[in-house]
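Here, each number is a calculation from the coordinates, and none is a lab measurement. From a predicted model like this one, the values you see are computed outputs, not experimental measurements. No Cβ is skipped: glycine too gets one built from the backbone with ideal geometry, and neighbour counts run over all protein chains shown.
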């Protein structure tokens, strides 16, 4: 696909913000990409204001059921790192900004996809508390939690609400790790990192690097306000302590290409790996969870040849 394949329905200014062919090649090699300024300062400020209203209790709709692995911080949980899933669904202010077509167009270029849908959105608040253990996000990659997804092209946009550097505990990528052959995986990898032993995850990273004769090269994402990082679903990443004295606020916007669908992924227990969507989304004609359900997984970019389809 060429750049022009993704230019339709974008303004000239938006077109100038798409990844170049060199950027796409960099992403393919390294597994991450730092974007140009995709949100204006006003849009980022609107995200922050909508987040304040969300934390104050504003919701435009609620999930009909609470999935078993839902991340959903509530005030009773205290001053830990906050994670709240499905904010694009529950809050119209957040959802409207996260559905910005330019984000989808950038993701489509990187993933080499004709269509991009939201897969999940997680609102994150990392408090400025030195030594708070929940602030440390251990090494992991997202595809482990998405074992029931058929695609290997899924990716995540990390969207901070401010300039975000190392002192805030920014996201850190393990360069090129999406290209590693994996060794030593078992059923535990489908569990969220918060439910796993950090030392085990550190060991898994080291063993996989050794298996691939690769250096563990850690790249902190220094992200100016309005910019965002993108990473491949198999890129190892994590984050460190927030020692800045102010909160780190961001959204992890998980994205799926149009070919992604539910697949059976058997575990050793005889059960299939599951994702939170499985109890929420509509069913396909053959009874599978539909990861294209527009209620939870709206399309944010579609190549012109797919329009209306």
Just order 106-115, 37-46 by mean Cβ neighbour count inside 10 Å, highest at the front, would you? 106-115, 37-46
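At 222 nm, what helix-only mean residue ellipticity would the chain give, in deg cm²/dmol to the nearest 500, using -39500 (n - 2.57) for each DSSP H run of four or more?
Counting only the DSSP helices, I get -6000 deg cm²/dmol.
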Centre separation in Å (Cα based) which lies between the range 108-183 and the range 213-282: 3
Kirkwood Rh over alpha-carbon pairs of the range 3-306, then Stokes-Einstein at 20 °C and 1.002 mPa s: what D in µm² s⁻¹, rounded to an integer? 109
Under the 0.36 nm per residue contour assumption, what length would be gained going from the current alpha-carbon distance of residue 129 and residue 21 to full extension? 34.8 nm
So, with points 7 Å from each Cα along the Cβ direction, the residue 206-residue 167 label distance in nm works out to 3.2
Estimated FRET transfer efficiency (residue 268, residue 183; beta-carbon r; R0 22 Å; 0.05): 0.80
Could I have the simple spin-label model distance between residue 66 and residue 288, label points 7 Å from Cα toward Cβ, reported in nm to one decimal? 3.1
Once you wrap a convex hull around the alpha carbon atoms of the range 217-269, what is its projected area averaged over all directions, in nm²? 7.0
Using a 10 Å cut-off on Cβ atoms, rank the peptides 235-247, 55-67 from the highest mean neighbour count down. 235-247, 55-67
Please compute, for the alpha-carbon atoms of the range 1-118, the extent along each of the three principal axes and give them in descending order in Å. 49, 29, 27
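By how many nm would the segment from residue 215 to residue 79 lengthen if fully extended, with 0.36 nm per residue of separation less the alpha-carbon distance?
Additional length available on full extension: 45.4 nm.
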